Amino acid sequence: MSTLLEVSGLTKSFFGVTVLHGVDFVVRPGEALGLVGENGSGKSTSMNILGGVHRPEAGTMRLDGQAYAPQNPKDAISAGIAFIHQELNLFPNLSVEENLFVDAFPRWNGLPFIDRRAIRAQTEAVLHEVDLDIRPSTPVARLSQGERQLVEIAKALSRKARLIIFDEPTTSLTRPEVDRLFGIIAKLKARGIGIIYISHALEDVLAVCDSIAVLRDGHLAGAGPASEMPIGRMISLMVGRSIDTIYPDRQTAPGKQVVLAVEALSQPGVAEKISLEVRAGEIVGLAGLMGSGRSELARMIFGLDRFASGTIRVNGQPLDDPTPEKAIEAGIAFLTEDRRGEGLLMDFTIAENTVIASLDSVAGPLGILDNKRIASVSREMGRSMHLSTDKVEETRVKHLSGGNQQKVVIGKWLRREPTLFILDEPTRGIDVGAKQEVYRIINALTARGSGVLLISSEIEELIGLSDRILTISRGEIVAEFNNRPFDREAIMAAATGQRAWEGASA
Amino acid sequence: MTITPVAETATGATQPPSVLRRLGRLMLSEYFVLVLCVAYVLAIAPFVPEILSWEVASNILSDMMPLLVVAIGQTFVLIIAGIDLSVTAIVSMSAVVGASVMTGTGGYLGDTAFAVPGAVLAMLFTGLVIGAINGFSVIRLNMPSFIVTLATRMFFAGAAVWYVTFHSTSSSIANLPESFAEFATGHLFGIPLTVIAAGLIAVVAHVVLSRTRFGRAVYAVGANPRAARVSGIPVERTILFCFLISGVCASVAATIYVSRMQTGSPIVGENILLDVIGAVVIGGTSLFGGKGKIVWTVFGVLFLLLLDTSMKLLGASLFAIYIIKGGVILLAALVDVARNRWLVGR
């Protein structure tokens, strides 16, 4: 059988860190290849290379037997490669037909006017191919997520795509929409179009794909026909590596006192009667896919998002109608997943960021700030966090590395000696060395008696650090794992498994 | 770690021409606008030597005071990435309300001992109320401050004229107490009272912005309201307070105007909006929020008035003055953008 796309020995590194180590895979016409792996395993990098966004350092790609080396995304489009991204690239204010031709409107008799009639005819034809029964003049804003995705596919077809890459296509779809999408994918395959299907929802991958390739840490961990790749095998190939020694040993055991008690927290569409407890000195891991409600839960506890019903108690005291101010007052600290947007004031100095959540402790009468004290507590914070610089009054945090920025965020909260520290993706985008430091700090925190609610996309991290792990899916706590050693495949299955189609994401 | 471009050029061996480097450093300096003021005076002095006279200087100083007070309030609002277009209407409304309280012809407290203090309180209260309307509309109704204050500006500019019709047969409220005029004309230790009042406000505002918790909150909200909220900063209260400060500052300016003109006119503040916002921007306060200083605003107001006065002395027409001022403000906005770009490395 002929091959449509042949990728071999693909290697790429960023800033000296190799993220792809000679990856090979093949896509045949009329077949779907499933590409799975944890975050950071190299899926997006290889797709970016395929799409002409990045150029590989080594390795070759052949499309229909021809050497293929795209220099930019335009090359990829003209070679017949189309991407259907998680976030759709449509203009909601334009109509379906305008979206289809927005980069190349056909002209009317060579004059600089748009040939509306030609557009309409071509749009109707491709919409028919994706079974979408809407008028070409419908504004995209009026379409559902599923319909918009079909418009994207129609757009790919109108550009004569030979290979269509789907990146987490089912994330925001309802089940009937997913079924409809799979029907269309089958039709595309029947037409001889090749598919690359990327998803965390492993059941979907099995349902759609003919062969599957598993990436781990930039290596091809395994590949084969879908029939030889049950979900269990995919998971063990994905997480394969043993837990490294980067997780420090815990010296202290969790205490008895409940520092956080959440009861029946509900918000339509976000949280379904969530109840959980965190004890003093305990690390509770929260595993779940993006959109499962894991971050939303943290934001509700901290008073950033609203909830309809339920109660939150901190140290036994009810926290009613929480706001960040009240939550902080009650002893909660919150490291958000969006470090640049919410965790830090990027244009402010290290010192200014260090005291921003504890201004009361450095202010005298009339709220006058004690600049000497601010400088000294910031330097002290920098030393205990092993910050890369001691110029705390001059250095703006935007000039720090990701790891050092995260240390400033943690340091600013530690100044408040929190009874509960909620950490949402504390090690995202930071290097291994800094990760280890963050783990050390988390451990020290529990030794001091703080409770920790840890949210992470990295199952390894949850397993390495947590005393207990809860899995959340579709706004509900679906499983609880109380004893070490944790069964990572069971945790992953609970987080991605039977409900995978509703909330999978990168 | 990145090194700041300034430090790089200061320490590096191969460097761009030193004139450019100095110019760049000067533009980033705190006192850029003050230097500009001095340079401007020196450059224009050969043509209008009067500008160096004591009389012109003291005129500039006294003209500067009401504008400065309004601009100080505006600085707070601009730092939180808002804008207060209603300041001129606040000046007008406060002026007529205050005049209606103290006028000898049918004033609420006219000819009593409480006429002047009562009027001043009424004026400040007017500023506070309009500031509160602005603030609450922004934080509770989530409306952009541009629209909110554009609306309150139109509303109270109209309301001020309408208000006068209930208290006076002419277009303004006159017959104000003699003692109130002393605010504009009086001196303490040889310094005009208005200068003392405005100076005091400037010093307090400077300390509040640069040295207090509230000031830190103002900058944080302007730089990134989401991050400020997560850090427990009362974002909404901070925004509200900035509009209250702007409102009260505008009404303080109204007391100066009314005292000077000895009449409560509903159009007293009509023409100063451009000057106020222009002066703050010339000073260097960023329209993008998160950046600004009272000292900058002082220099900005000074520069604008130097420009204005010298043009008048040169005999330029009103339109020519508008054209030049507009050009200078545009230039200042451009400099702000350039500074932001150059400061990327800082």
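Nothing in this text is a laboratory measurement; each read-out follows from the coordinates by a stated rule. Values in this document were obtained by computation on a predicted structure and should not be read as measured data. Heads up, the Cβs are rebuilt from the backbone with ideal geometry, glycines too, and the neighbour counts pull from every protein chain shown.
Which order do peptides A:442-450, A:124-132, B:300-308 fall in by mean Cβ count within 10 Å, highest first?
Peptide ranking by packing, descending: B:300-308, A:442-450, A:124-132.
Considering every residue in A:323-332, what mean count of other chain Cβ atoms within 10 Å of its Cβ is obtained?
That average works out to 3.
Dipole of chain A (Lys/Arg Cβ +1, Asp/Glu Cβ -1, origin at the Cα centre): which of A:N483, A:V259, A:I165 lies farthest to the positive side?
A:I165
According to a simple spin-label model (label point 7 Å from Cα along Cα-to-Cβ), what is the distance in nm between A:R116 and B:S29?
Modelled inter-label distance: 6.2 nm.
List, in order, the whole-Hz ³J(HN,Hα) value for each residue of the stretch B:77-94 obtained from phi through the Karplus relation with A = 6.51, B = -1.76, C = 1.60 and θ = phi - 60°; use x for Gly and Pro.
Once θ is set to phi - 60°, the couplings for the stretch B:77-94 become 5, 5, 5, 7, 6, x, 8, 10, 7, 7, 4, 5, 5, 5, 4, 5, 4, 4 Hz.
Which order do the peptides B:202-215, A:108-121 take when ranked by the mean count of other beta-carbon atoms within 10 Å per residue, highest first?
Result, highest mean Cβ count within 10 Å first: B:202-215, A:108-121.
Which one, B:L188, B:V268, B:T149, projects farthest toward the positive side of the charge dipole computed for the stretch B:139-272 from Cβ point charges (K/R +1, D/E -1)?
The one lying farthest along the dipole's positive direction is B:T149.
What is the packing order of peptides A:352-362, A:382-392, taking the mean over residues of other C-beta atoms within 10 Å and listing the highest first?
A:352-362, A:382-392
Picking from A:A79, A:H54, A:A67, whose Cα lies most toward the positive end of the charge dipole for the stretch A:38-112 (charges on Cβ: Lys, Arg +1; Asp, Glu -1)?
A:A67
Using Cα atoms only, what is the angle between the long axis of helix B:235-261 and the major principal axis of chain B, expressed in degrees (0 to 90) to the nearest 10?
Approximately 60 degrees, to the nearest ten.
Would you list A:I472, B:I130 from fewest to most Cβ contacts within 10 Å?
Taking fewest neighbouring Cβ atoms as first place, the list is A:I472, B:I130.
With only Lys, Arg, Asp and Glu charged, each at its Cβ (+1 for the first two, -1 for the last two), find how big the charge dipole of the stretch A:338-417 is about the Cα centre; round to the nearest 20 debye.
200
With charges set only on the Cβ (+1 for Lys and Arg, -1 for Asp and Glu), what does the dipole of the protein assembly as shown come to about its Cα centre, in debye to the nearest 20?
960
Let me know the charge dipole size of chain A about its Cα centre in debye, to the nearest 20, where only the beta-carbon of Lys, Arg (+1) and Asp, Glu (-1) is charged.
With Lys and Arg at +1 and Asp and Glu at -1, about 620 debye.
Report the trypsin sites (Lys or Arg not before Pro) located in the stretch A:153-185 that are in a DSSP loop and have at most 14 other Cβ atoms inside 10 Å of their Cβ, or state none.
A:K160
Let's test this: bin the Cα-Cα distances of the stretch B:115-205 at 5 Å from zero up to the farthest pair and state each bin's percent.
Percent of Cα pairs in each bin: 3, 10, 12, 17, 18, 16, 13, 8, 3, 0.
Give me Rg/Rg_expected for chain B, where Rg uses Cα atoms only and Rg_expected = 2.2 N^0.38 Å with N residues.
1.05
What is the distance, in nm, between label points placed 7 Å from the Cα along the Cα-to-Cβ direction at B:A39 and at A:E129?
6.3
What net charge do the residues around B:P66 carry, taking every other residue with its C-beta under 12 Å from that of B:P66, with Lys and Arg at +1 and Asp and Glu at -1?
After counting each charged neighbour, the total is -1.
What average count of beta carbons from other chains do you get within 10 Å of the Cβ of residues in B:213-220?
5
Given R₀ = 51 Å, FRET efficiency for A:D360-A:W108 by Cβ-Cβ distance, to 0.05?
So the FRET efficiency works out to roughly 0.15.
How much mean residue ellipticity at 222 nm does chain B get from its helices, if each DSSP H run of length 4 or more adds -39500 (n - 2.57) and you divide by all residues, to the nearest 500 deg cm²/dmol?
-24000 deg cm²/dmol
Past the 19 Å Cα-Cα mark, which pairs from A:K412/B:K293; A:K160/A:K189; A:K12/A:K43; A:K74/A:K155; A:K74/A:K160; A:K155/A:K187?
Beyond 19 Å: A:K412/B:K293.
For every other residue with a beta carbon closer than 15 angstrom to the beta carbon of A:F25, add +1 if it is Lys or Arg and -1 if Asp or Glu, then tell me the sum.
In short, +1.
For A:V397, what is the net charge nearby, where nearby means another residue's Cβ is under 11 Å from its Cβ and Lys, Arg count +1, Asp, Glu -1?
Every neighbour counted, the sum reads +4.
May I ask for the angle, rounded to the nearest 10°, between helix A:371-384 and the longest principal axis of chain A, with both axes built from Cα atoms and the value confined to 0 to 90°?
70
Residues of B:200-212, mean number of Cβ from any other protein chain within 10 Å of their own Cβ, rounded to a whole number?
2
Measure nothing fancy, just the Cα-based angle from helix A:432-447's long axis to the longest principal axis of chain A, in degrees from 0 to 90, nearest 10.
Once rounded, the angle reads 40 degrees.
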